[in-house]
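Engineer: What follows is a single structure, and I will ask about it in a moment.
The values are calculated or read from the model by the stated rules, or taken from the named source; none is laboratory data. Quick caveat, the model's predicted, so the values are computed rather than measured. Positions of Cβ are generated from backbone atoms using ideal geometry, with glycine treated the same way; all protein chains shown enter the neighbour counts. With ligands, DNA and RNA removed, areas are computed over all heavy atoms of the protein, side chains included. Shrake-Rupley method; radii C 1.70, N 1.55, O 1.52, S 1.80 Å.
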Amino acid sequence: MVAKNKHNEIIKAESRDLNFFYADGTQALKNVSLPVYENKITALIGPSGCGKSTFLRSFNRMHDLYPGNRYDGQIILYPDNTNILDPKVDPIEVRMRISMVFQKPNPFPKSIYENVAYGLRVRGESNARVLDEKIEEALKGASLWDEVKDRLQDLAFNLSGGQQQRLCIARALATDPEIMLFDEPTSALDPIATVNIEELMSSLKDKLSILIVTHNMQQAARISDYTAYMYLGELVEHDKTGTIFTKPSKKETEDYITGKFG
Amino acid sequence: MNIVSMQETTISPELAKKFSRNLIERLIEFGLLCSAAFAVLITTAIVYVLVSEAIPFFQHVSLYDFFTDTVWTPNYSIKHYGILALVSGTLTTTFIALFVAIPLGTITAIYLSEFASHKVRETIKPVLELLIGVPTVVFGYFALMMVTPLLQKIYPDLTTFNMLGPGIVMGIMIVPYIASVAEDSMRAVPMAMREGAYAMGATRFQTAIRVITPAAISGIVAAYILAISRAVGETMIVAIAAGQQPNFTFNPVESAATITSYIVSVALGDLEHGGIGYQSIFAAGLTLLLMTLSFNIVGHMARKKFAERY
Ligand SMILES: Nc1ncnc2c1ncn2[C@@H]1O[C@H](COP(=O)(O)OP(=O)(O)O)[C@@H](O)[C@H]1O
Ligand SMILES: [Mg+2]
């Protein structure tokens, strides 16, 4: 099944009336309905604590790792037309198709090569030629190949922060995900590394759909096609990025964007 | 070159160093130093006693004989002082113990850290800690009265005193040490690392084995080193259940004495004070110390080699 919006853009996934409760009872999401378009970048903005990460992490069932968390509502993945929050859905299968890059680079205590190979090995790939090929492709896709091709066996921790984050992107890319989730991927990086990652994300959208959390409004304006503004667990407004930043329809959005608030 | 002339300044009372604050800092520092020095002092004293008592021993017995002779008969009329007869017992029982304790301890640690629910963990940990509190003499009789008879059902030729039974029991005794230290180091691996692995579609088992274990390896190796030291130094279990007959053998079904069980048998009064037999326990003790020390050094190097930053 293919879902489209009024501009004939294909929806890759969408949340419907998504509520989320942490184990301590905190309701972090309230009836959030938001589409993620295919081959587009959707940015989530909003003040700290408004539920951006919580929303993002619902897409790969990250909350399942902690007992007591509860989802209510749907996240539908197309073309399967499956609610990936359904208890009958295997979170591992979801994570195989929707990968994630975290706020702080979190490479594994392994070589550069093995970091990128990880997802493939998890999927049972052990053919050295296939691995070599996929790893080169992923590192190139993450614009890291030229910097590391001569030291693939070095420990990943020896890379700079920006390189580590690109390594994490390569790691996520290696398994050909359909959606990539980014949770403030540049907040721990210097301005040059940030520009690198931003360019990288823009180049990735030919291949996949991106949902990114950022607290940096300029970043959302620079790279995203769609922007959603969240506040206190609710989705206030979402639209084309240009519209959100020039003529938002809600007063709260305008206040946030113009810096009157937040 | 840039020469700047210094300006005349005064030290305002507010900015001046405060005598009382300084004094307290110094006192605290001194107290801390004392406690640290105490441990070093005790260790030095032990080494001093061992060495000074061992020196007269080595005036009678050459180092060459000590380390190459394979017979240890200090209280026979023909006296031999071949430490290898005791080292073999120590190494064999240690090896059996590690063979049991390392897999069991590591698996327990992985289970507790990565699989067990909060409730299960909070139930199992106190039980493990209880096991640490069991006096070794109890383990010794457990080996002699329960484990050896059980093993004799499988292998009827097994003698009452043998190294296999106490080795296994020693291993069981060490499991909680390994489990607890290894689990602490696995739990210390940041959640971000785990999330990274799960986000790639890894199962719990894949995450535990391929990410958490390598990330925690330096702590895990530390746990093994602790286990080796514990096994090498264990006394009561082997003294009770392995027999106290020095025997140069690595065969686990035979009876043998270890360095520690020899020392304790002497300490219990078989040999007269001040004689060469008495001095021999210091030579044996020194050997034990050197063994433990070298295991520690090897382990320390292994830890450094494996040390991971995250
Ligand atoms: N593990 C948790 N347990 C309970 N409440 C949490 C937890 N994590 C986040 N929260 C709460 O949920 C809300 C949303 O948090 P989050 O999604 O991290 O916000 P954002 O990413 O927009 O800064 C906040 O009020 C936060 O305090
Ligand atoms: Mg966040």
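Engineer: Could you work out [θ]222 nm for chain B from helices alone, using -39500 (n - 2.57) per DSSP H run of at least four and dividing by all its residues? Round to the nearest 500 deg cm²/dmol.
Structural biologist: On the way: 13 runs with 203 residues, N = 310.
Calculated at 222 nm, the ellipticity per residue is -21500 deg cm²/dmol.
Engineer: Please arrange A:137, B:183, A:147 by accessible surface area, largest first, computed with a 1.4 Å probe and ligands excluded.
Structural biologist: Numbers: A:137 110, B:183 0, A:147 80 Å².
Greatest to least solvent exposure: A:137, A:147, B:183.
Engineer: Please give me, ordered by residue number, the trypsin sites (Lys or Arg not before Pro) of the stretch A:131-165 that lie in loop per DSSP and have at most 15 other Cβ atoms within 10 Å. Don't skip to the end; give the middle numbers.
Structural biologist: On the way: sites: A:134, A:140, A:149, A:151; in loops: A:149, A:151.
Passing both the DSSP loop test and the Cβ count: A:149, A:151.
Engineer: May I ask you to give the solvent-accessible area per residue for the stretch B:1-47, in square angstrom, as obtained with a 1.4 angstrom probe? Write down the numbers at each step before the final one.
Structural biologist: Numbers: 5060 Å² over 47 residues.
Value for the stretch B:1-47: 108 Å² per residue.
Engineer: Also, quick follow-up: Within chain B, which complete DSSP H helices have Cα atoms spanning at least 18 Å along the helix axis and a mean Kyte-Doolittle hydropathy of -0.5 or higher?
Structural biologist: B:19-60, B:84-110, B:118-133, B:164-187, B:217-233, B:276-306
Engineer: Note down the net charge around residue B:23, summing +1 for each Lys or Arg and -1 for each Asp or Glu among other residues with Cβ under 13 Å from its Cβ. Don't skip to the answer; put the middle values down first.
Structural biologist: Working: positive: B:17, B:18, B:21, B:26; negative: B:25, B:29.
Here the count lands on +2.
Engineer: Please report the relative contact order for the stretch B:84-306, taking Cα pairs under 8 Å with a sequence separation of at least 6, and give it as a percent rounded to a whole number. It would help to have the intermediate numbers written out before the result.
Structural biologist: Numbers: 333 pairs, mean separation 69.5, N = 223.
That works out to 31 percent.
Engineer: Count charges around residue A:193 for me, please; just the other residues with Cβ under 14 Å from its Cβ, Lys/Arg as +1, Asp/Glu as -1. Could the numbers behind the result be given before it?
Structural biologist: Working: positive: A:104, A:166; negative: A:147, A:184, A:190, A:198, A:199.
The answer is -3.
Engineer: Calculate the translational D of the stretch B:2-60 in whole µm² s⁻¹ from Stokes-Einstein, where the hydrodynamic radius comes from the Kirkwood formula applied to all Cα pairs, the temperature is 25 °C and the viscosity 0.890 mPa s.
Structural biologist: Values: Rh = 16.8 Å.
My calculation gives 146 µm²/s for D.
Engineer: So how tilted is helix A:161-173 from the main axis of chain A? Cα-based, degrees 0 to 90, rounded to 10.
Structural biologist: In chain A, helix A:161-173 runs at an angle near 90 degrees to the longest axis.
Engineer: For chain A, what is the mean residue ellipticity at 222 nm derived from helices alone (per DSSP H run of n ≥ 4: -39500 (n - 2.57); sum divided by total residues; nearest 500 deg cm²/dmol)?
Structural biologist: Numbers: 10 runs with 90 residues, N = 262.
Computed ellipticity for chain A at 222 nm equals -9500 deg cm²/dmol.
Engineer: Apply the Debye scattering formula to the stretch A:114-262, with a single equal point scatterer on each alpha-carbon and no solvent, then give log10 I(q)/I(0) at q = 0.11, 0.15 Å⁻¹.
Structural biologist: Log-scaled intensity ratios, in q order: -0.50, -0.81.
Engineer: Once label points are set 7 Å from the Cα along Cα→Cβ at both residue B:124 and residue B:203, what is their separation, rounded to one decimal in nm?
Structural biologist: Result for the modelled spin labels: 1.8 nm.
Engineer: Could you give the angle, 0 to 90 degrees to the nearest 10, between helix A:112-122's Cα long axis and the longest principal axis of the Cα atoms of chain A?
Structural biologist: With rounding to tens, the tilt is 70 degrees.
Engineer: When Rg is the radius of gyration of the Cα atoms in the stretch A:1-160 and Rh is its Kirkwood radius, what does Rg/Rh come to? It would help to have the intermediate numbers written out before the result.
Structural biologist: Values: Rg = 18.3 Å, Rh = 18.0 Å.
Computed over Cα atoms, the ratio is 1.01.
Engineer: Taking R0 as 25 Å, what's the FRET efficiency between residue B:191 and residue A:16 from their Cβ-Cβ distance, rounded to 0.05?
Structural biologist: Details: r = 29 Å, r/R0 = 1.17.
Approximately 0.30, to the nearest 0.05.
Engineer: Using all Cα-Cα distances in the stretch B:204-310, what percent lands in each 10 angstrom bin from 0 up to the longest?
Structural biologist: 13, 31, 26, 18, 9, 3, 0
Engineer: Specify the residue with the greatest mean-square fluctuation among B:81, B:262, B:48, computed from a Gaussian network of chain B linking alpha-carbon atoms under 10 Å apart.
Structural biologist: Maximum among the listed residues: B:48.
Engineer: Summarise the long-distance tail of P(r) for the protein assembly as shown by giving the % of C-alpha pairs beyond 42 Å.
Structural biologist: Values: 75160 of 163306 pairs.
It works out to 46 percent of all Cα pairs.
Engineer: I'd like the orientation of helix A:128-141 relative to chain A: the angle between its Cα long axis and the longest Cα principal axis, in ° from 0 to 90, rounded to 10.
Structural biologist: Between helix and principal axis, roughly 50 degrees.
Engineer: As a test of the definition: with a 1.4 Å probe, what buried accessible area, both sides summed, do you compute for A against B, in Å² to the nearest 100? Could you put the intermediate results ahead of the total?
Structural biologist: Values: alone 12190 and 18430 Å², together 28630 Å².
Chain pair A/B: roughly 2000 Å² of buried accessible area.
Engineer: Any idea what the alpha-carbon Rg over 2.2 N^0.38 Å comes to for the stretch A:122-165? Provide the component values of the computation, followed by the final result.
Structural biologist: Details: Rg = 11.3 Å, N = 44, 2.2 N^0.38 = 9.3 Å.
Output field value: 1.22.
Engineer: What is the Cα convex hull volume of chain B when expressed per residue in Å³? Don't jump to the answer; show the numbers that get you there.
Structural biologist: Working: hull volume 88.4 nm³, N = 310.
Normalising the Cα hull of chain B by residue number yields 285 Å³.
Engineer: Just which residues of the stretch B:103-124 lose 40 Å² or more accessible area with every protein chain there, against their chain alone, with the probe set to 1.4 Å?
Structural biologist: At a threshold of 40 Å² (probe 1.4 Å), none of the residues of the stretch B:103-124 becomes less exposed by that much.
Engineer: For residue A:136 and residue B:294, what does the FRET efficiency come to when R0 = 56 Å and r is the distance between their Cβ atoms, rounded to the nearest 0.05?
Structural biologist: Numbers: r = 45 Å, r/R0 = 0.80.
With R0 = 56 Å, the Cβ-Cβ based efficiency is 0.80.
Engineer: Given springs between every Cα pair under 10 Å in a Gaussian network model of chain B, which of B:225, B:209, B:217 has the largest fluctuation?
Structural biologist: Of B:225, B:209, B:217, the Gaussian network model singles out B:209 as fluctuating most.
Engineer: Which FRET efficiency, nearest 0.05, do residue A:187 and residue B:44 yield, Cβ-Cβ r, R0 51 Å?
Structural biologist: Working: r = 51 Å, r/R0 = 1.01.
Computed FRET efficiency for residue A:187 and residue B:44: 0.50.
Engineer: Here's another thing I want to ask about it. Multiply the residue gap between residue B:137 and residue B:160 by 0.36 nm, knock off their C-alpha separation, and tell me the result in nm, one decimal place.
Structural biologist: 6.6 nm
Engineer: Using a probe of 1.4 angstrom, how much of the accessible area of the stretch B:138-265 is carbon and sulfur, in percent?
Structural biologist: Numbers: 3110 of 4570 Å².
Summing carbon and sulfur atoms, their accessible area is 68 percent of the total for the stretch B:138-265.
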